[in-house]
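Have a look at the structure below before the remarks.
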Amino acid sequence: MTIAALLRYALAGLLLASASAFAGTVLVWGDSLSAGYGLRPQQAWPALLEKKIADARLPHKVINASISGETTAGGRSRLPAALQTHRPSLVVIELGANDGLRGLPVAAMSTNLQAMIDASRQAGAKVLLIGMRMPPNYGPDYTTRFEKAFQDLARANKLRLVPFMMEGFADQRAYFQQDGIHPVADAQPLILDTIWRELKPLLR
């Protein structure tokens, strides 16, 4: 066998090994709560998720494509290109908080989320939906309809749902930055623990 042939064989082996190193990609599709607003990139829960997956020796990588300030309309418009680029096996949809903070119609938010669920599934990806709750000052009617929208989508699409990513610490001021909205670094492992319970079964 010539040296050139040996080199081609070695290169083919390296490419095959690289392709098989990861069985799938987890695409985190969220807003500032997942983008790590006010934190170093390695402190945000998606970075902790990547480490947790590696420690568990699961053959998945994590792409965090979250953008601070993103709404469901923005996420919907950007998603098709991201699906084509990253070809994820799992899409974690964490959007809706900015819709709620702006008082946008719940029906429009639901429509956008449904479109993202459909697009992800059509691309061959599983979906994990992360819900959100609004502060009580938005009024009981809006806050109830807002929270229920995520539950209805999960039920209708038979999705795993994380009802509230800040479960267990939302009422503890020490876990939030000065704006009172974005969790600090110490809260990120708590967020990951809550999400991991629903996410891990989808990696099998």
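The values are calculated or read from the model by the stated rules, or taken from the named source; none is laboratory data. From a predicted model like this one, the values you see are computed outputs, not experimental measurements. Glycine gets a Cβ as well: all are built from the backbone with ideal geometry, and neighbour counts include every protein chain shown.
Just a few scattered comments:
- Within the range 32-74, the residues that satisfy the criterion of being of a type in the set (D, E, K, R), part of a loop (DSSP other than H, G, I, E, B) and surrounded by fewer than 16 Cβ atoms within 10 Å (Cβ to Cβ) are Arg40, Arg57.
- Met165 touching a strand residue (DSSP E or B) at 6+ places or on another chain (Cβ under 6 Å) and not in a helix (DSSP H, G or I): yes
- The sole residue among Ala156, Ala174 that is more than 25 Å from Pro41 (Cβ to Cβ), among the aliphatic types (A, V, I, L, M), modelled with pLDDT of 95 or more and out of contact with any strand residue (DSSP E or B) (no Cβ under 6 Å at 6 or more places or on another chain) is Ala156.
- Check on Ser89, over 24 Å from Arg133 (Cβ atoms) and in contact (Cβ under 8 Å) with a residue 12 or more places away in the chain: yes
- Counting residues in the range 154-161 that are without any contact (Cβ under 8 Å) to a residue 12 or more places away in the chain and surrounded by 15 or more Cβ atoms within 10 Å (Cβ to Cβ) gives zero.
- Pair list, Cβ under 8 Å, 6 or more apart: the range 166-177 residue within 15 Å of Ile130 (Cβ to Cβ), other residue assigned to a strand (DSSP E or B): Met166/Pro183
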